[in-house]
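First up is the structure itself, then whatever we jot down about it.
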Amino acid sequence: MKRILPRCLLAASIAGLTLASTAQATTTLRMAHFWPGASGVNQALFETWAETLEEESGGELRIEMFPSGTLARPDAIYEAVGNGIADIGATAQGYTAGRFPLSQIVELPGVATTATQGACVLQTLYDEGHLDEEYADTRPLFLFTTGPGGIHTIGTDVQTPADLEGLRIRRPTAVAGDMLENMGASPVGMPAPDIYTSMQRGVIDGLSFPWEGLKGFRINELVEYHTEVPFYTLIFVATMNQRAYERLSPEQQAVIDANSGMRWAENAGAVFDRLDVEGKQEAIDAGHTIREIDDPLAHPDWQQPLQDGIDGYLAELEARGLPAQEVYEAALAASESCAAERG
């Protein structure tokens, strides 16, 4: 004879099953970025970060990765996080021109000499509250940078700024573009994933990039001349949709919090520093010509256009009512302390 549960017990039983299922459910977060899936940045940084979250949450948090701009265009990733298309995103602030002016002070020459130092500087500025308003619409997880970027060309050996005259050079951000223009180049803006085909088609004559990017985006296959003049540092943010964070359980939020801030900024910097070494070695092994200008701000050929770029950028922000000089001085102080801590 079939046993029929009273309606109240049946409802309680169903509710219990639902609660049990919810407790065991895995929360999957969509993460968007623009690096290739096979790149060292994706594998050594973002996949490692995702694996750490899954492990420390006991499998309750998983990251579904969308590399190469597959969920959102590189210049739309930050907006995609803000409006919830992506739960998490990592992108270059400079891809959204004028959106992060104080953060981009870290891009100026002389602020950082390695990716680890740059990440420390940028994260410090955020932790000290200098950049709060620029990220009010998302929840930053960690901020980081490349190592210093140089100039890489096809067919032109750039030894002085005069050699850049008339060359179409891809610039990563408007800040770096102003520097290139001061040096005589014609800057061209485009996201990193578009560089390879643009160079193949002759749209650009070269690019400004850190060594890591030459390896990650296979640019060493195309260029043959490298001018290692550290005139900018590209900055990044890994950030989260605030509503997506609030939907997590307190335990899941604690895992996210434990894997945010300076710890992962420094991890990111270490990844970029290692990839810089590998990218440069790749060029050496290929027999490319490499010119090294160690301190361009003290070099007679390079100092003036770069100093003009620094002064012009800070003056522009001050004219807009932003505390550019204050943040610049804070960045230089952080640069010194970050270098000392890692010395």
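The values are calculated or read from the model by the stated rules, or taken from the named source; none is laboratory data. Nothing here was measured: the structure is a model prediction, and the numbers come from that model. Ideal geometry is used to build each Cβ from the backbone, glycine not excepted, and the neighbour counts take in all protein chains shown. For the accessible areas, the whole protein counts, side chains as well, though only heavy atoms, and no ligand, DNA or RNA atoms are used. Shrake-Rupley method; radii C 1.70, N 1.55, O 1.52, S 1.80 Å.
Let me have the 222 nm mean residue ellipticity of the chain computed from DSSP H runs of 4+ only, each contributing -39500 (n - 2.57), with the sum over all residues rounded to the nearest 500.
-13000 deg cm²/dmol
Under Stokes-Einstein, with the Kirkwood radius over Cα pairs standing in for Rh, what whole-number D in µm²/s applies to the chain at 25 °C and 0.890 mPa s? Walk me through the numbers before you get to the answer.
On the way: Rh = 21.3 Å.
Estimated diffusion coefficient is 115 µm²/s.
Quick one: accessible area per residue over segment 217-343, 1.4 Å probe, rounded to a whole number of Å²?
With all protein chains present, segment 217-343 gives 47 Å² per residue.
Please report the carbon-and-sulfur percent of the accessible area for segment 84-179; probe 1.4 Å, protein heavy atoms only, DNA, RNA and ligands left out.
On the way: 1260 of 2720 Å².
The value for segment 84-179 is 46 percent carbon and sulfur by accessible area.
Which of Asn182, Pro230, Met199 sits farthest toward the positive end of the charge dipole of segment 161-230, with +1 on the Cβ of Lys and Arg and -1 on the Cβ of Asp and Glu?
In segment 161-230, that residue is Met199.
Would you mind classifying segment 168-326 by shape? Square roots of the alpha carbon gyration tensor eigenvalues, ordered a ≥ b ≥ c; an a/c under 1.5 is rounded, otherwise it is prolate if a/b is larger than b/c and oblate if not.
Taking the square roots of the gyration eigenvalues as a ≥ b ≥ c, segment 168-326 is oblate.
Any chance you could give the angle, 0 to 90 degrees and rounded to 10, that helix 262-285 forms with the longest Cα principal axis of the chain?
So the inclination is approximately 50 degrees.
Using Cα springs under 10 Å in a Gaussian network model of the chain, which residue among Gly58, Gly166, Gly321 shows the largest mean-square fluctuation?
Result for the chain, Cα springs under 10 Å: Gly321 fluctuates most.
Which loop trypsin sites (Lys or Arg not before Pro) in segment 221-298, with loop taken from DSSP, have no more than 14 other Cβ atoms within 10 angstrom of their Cβ?
Answer in residue order: Arg247.
Given N residues in segment 145-195, what is Rg(Cα) / (2.2 N^0.38 Å)? Each step should come with its number before you reach the end.
Values: Rg = 10.7 Å, N = 51, 2.2 N^0.38 = 9.8 Å.
My calculation over the Cα atoms of segment 145-195 gives 1.09.
What trypsin sites (Lys or Arg not before Pro) does segment 173-219 have in DSSP loop regions with at most 13 other beta carbons within 10 Å?
Arg201
Once the piece of chain linking Glu326 and Ala339 is laid out straight, how much longer is it, given 0.36 nm per residue of separation minus the C-alpha distance between them?
2.7 nm
Among the GluC sites (Glu not before Pro) within segment 176-230, which fall in a DSSP loop and have no more than 12 other Cβ atoms within 10 Å of their own Cβ?
none
Taking all protein chains as present, what is the carbon and sulfur share of the accessible area of segment 216-327, in % to the nearest whole number, probe 1.4 Å?
Values: 2440 of 5090 Å².
The nonpolar share, carbon plus sulfur, comes to 48 percent.
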